[in-house]
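The values are calculated or read from the model by the stated rules, or taken from the named source; none is laboratory data. Everything numeric in this text was worked out from a predicted model, so none of it was measured. Cβ sites come from the backbone with ideal geometry, for glycine too, and all protein chains shown count toward neighbours.
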Amino acid sequence: MNREPVVLDGVDYGRRLPPGRHGIPPERILANQRQRLLSAAAAVFAERGYAGLAVARVIERAGVSRATFYNMFDDKCDCVLAAQRQAYRDLERAIGAAYASASGQDWPARVASAVEAALAFASKFPAEARLLLASGVASEPRLAREGVAVHERIVERLQAGASRYGGAHSPGAVSEQAAVRAAMSIAGSCLVAEEVDALFGLRADLVQIILTPYLGGDEARRIARERPGA
């Protein structure tokens, strides 16, 4: 996986631990194994979809025993849901940091910064980003519901920012949700086609799509075409 290693007191939570006696506390061994399983679940999901995701493939990729897997998760859906929720937390942190760093700019510019951060996340962690687009997984309703919830939380963040921006309209919920879904679908198409390098070329279009319900097409287009940081 391409996730940056999570290292604490010499323990890399994304890599297999060395064999034999290593003196690592049991709770850290469990945390390491759990992270490896979550990363493996995201990778197998991206490669094979939910229907093709088998526990055997996940544990083989993670280098973790079947007994350990079932000590941590009820079934494959439980594991994939945990990986999806972690991916959303990671994405939310990236978006939040970008939004906060643009604190001297107005709300539309901060939205544009957040979109850039989301694209950077998807480019760096494409498997995890695929999990966040899983609302169409009809074979597993729990996973689909969680994917829908991701969309709704993004809409809520946009609503909160727009409500404090004097130049924003108050569009209906359907328009807001449609804009977010359209933006995520376009980015998802790049990921499914494994065209990760093309993600950043979508920035202006995605910013325009997301801002149009609040600002109107002309103003959203103007902001989307501005040079980042200008």
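Residues that are touching a helix residue (DSSP H, G or I) at 6+ places or on another chain (Cβ under 8 Å) and of a type in the set (Gly, Ala, Ser) were ranked within region 166-177; the one that is farthest from Ala149 (Cα to Cα) is Gly167. Note on region 100-134: residues that are hydroxyl-bearing (Ser, Thr, Tyr) and without any contact (Cβ under 8 Å) to a residue 40 or more places away in the chain total 2.
Scanning for something at pLDDT below 95 and in contact with a Ser or Thr (Cβ under 7 Å, 6 or more places away or on another chain), does region 6-28 turn up at least one residue?
Within region 6-28 (the criterion being at pLDDT below 95 and in contact with a Ser or Thr (Cβ under 7 Å, 6 or more places away or on another chain)), the answer is yes, since at least one residue qualifies.
Among the residues here, Ala127 does not qualify as outside any helix (DSSP H, G or I) and of a type in the set (A, V, I, L, M). Of the listed requirements (1) in a helix (DSSP H, G or I); (2) at pLDDT 90 or above, Ala168 misses just one: (1).
Quick check: is even one residue across region 108-126 touching an Asp or Glu at 6+ places or on another chain (Cβ under 9 Å), among the charged types (D, E, K, R) and within 20 Å of Val196 (Cα to Cα)?
Looking through region 108-126, at least one residue is touching an Asp or Glu at 6+ places or on another chain (Cβ under 9 Å), among the charged types (D, E, K, R) and within 20 Å of Val196 (Cα to Cα).
If you check Glu146 against the conditions, is it acidic (Asp, Glu) and more than 20 Å from Ala224 (Cα to Cα)? Spelling it out, Glu146 is indeed acidic (Asp, Glu) and more than 20 Å from Ala224 (Cα to Cα). Quick one: is Glu152 outside any helix (DSSP H, G or I), within 28 Å of Gly49 (Cα to Cα) and not hydroxyl-bearing (Ser, Thr, Tyr)? No, not satisfied.
Name the one entry in Gly188, Gly201 that is out of contact with any Asp or Glu (no Cβ under 6 Å at 6 or more places or on another chain), within 21 Å of Gly49 (Cα to Cα), in a helix (DSSP H, G or I) and at pLDDT below 95. Don't jump to the end; show me each part of the working.
On the way: Gly201 fails: within 21 Å of Gly49 (Cα to Cα).
Testing whether each residue is out of contact with any Asp or Glu (no Cβ under 6 Å at 6 or more places or on another chain), within 21 Å of Gly49 (Cα to Cα), in a helix (DSSP H, G or I) and at pLDDT below 95 leaves just Gly188.
Any chance region 28-45 includes a residue that's assigned to a loop (DSSP other than H, G, I, E, B) and either surrounded by 13 or more Cβ atoms within 10 Å (Cβ to Cβ) or out of contact with any Asp or Glu (no Cβ under 9 Å at 6 or more places or on another chain) (or both)? So far as region 28-45 goes, no, none of its residues is assigned to a loop (DSSP other than H, G, I, E, B) and either surrounded by 13 or more Cβ atoms within 10 Å (Cβ to Cβ) or out of contact with any Asp or Glu (no Cβ under 9 Å at 6 or more places or on another chain) (or both). Set side by side, the residues Ile210, Ile223 differ, and just one is in contact with a Pro (Cβ under 7 Å, 6 or more places away or on another chain), surrounded by 15 or more Cβ atoms within 10 Å (Cβ to Cβ), assigned to a helix (DSSP H, G or I) and among the aliphatic types (A, V, I, L, M), which is Ile223. Restricting attention to region 138-156, the residues being within 18 Å of Tyr99 (Cβ to Cβ) and touching a residue at least 60 places away in the same chain (Cβ under 8 Å) number 2. The set of residues from region 141-189 being exposed (fewer than 15 other Cβ atoms within 10 Å of the Cβ) and in contact with a Gly (Cβ under 8 Å, 6 or more places away or on another chain) comprises just one member, His169.
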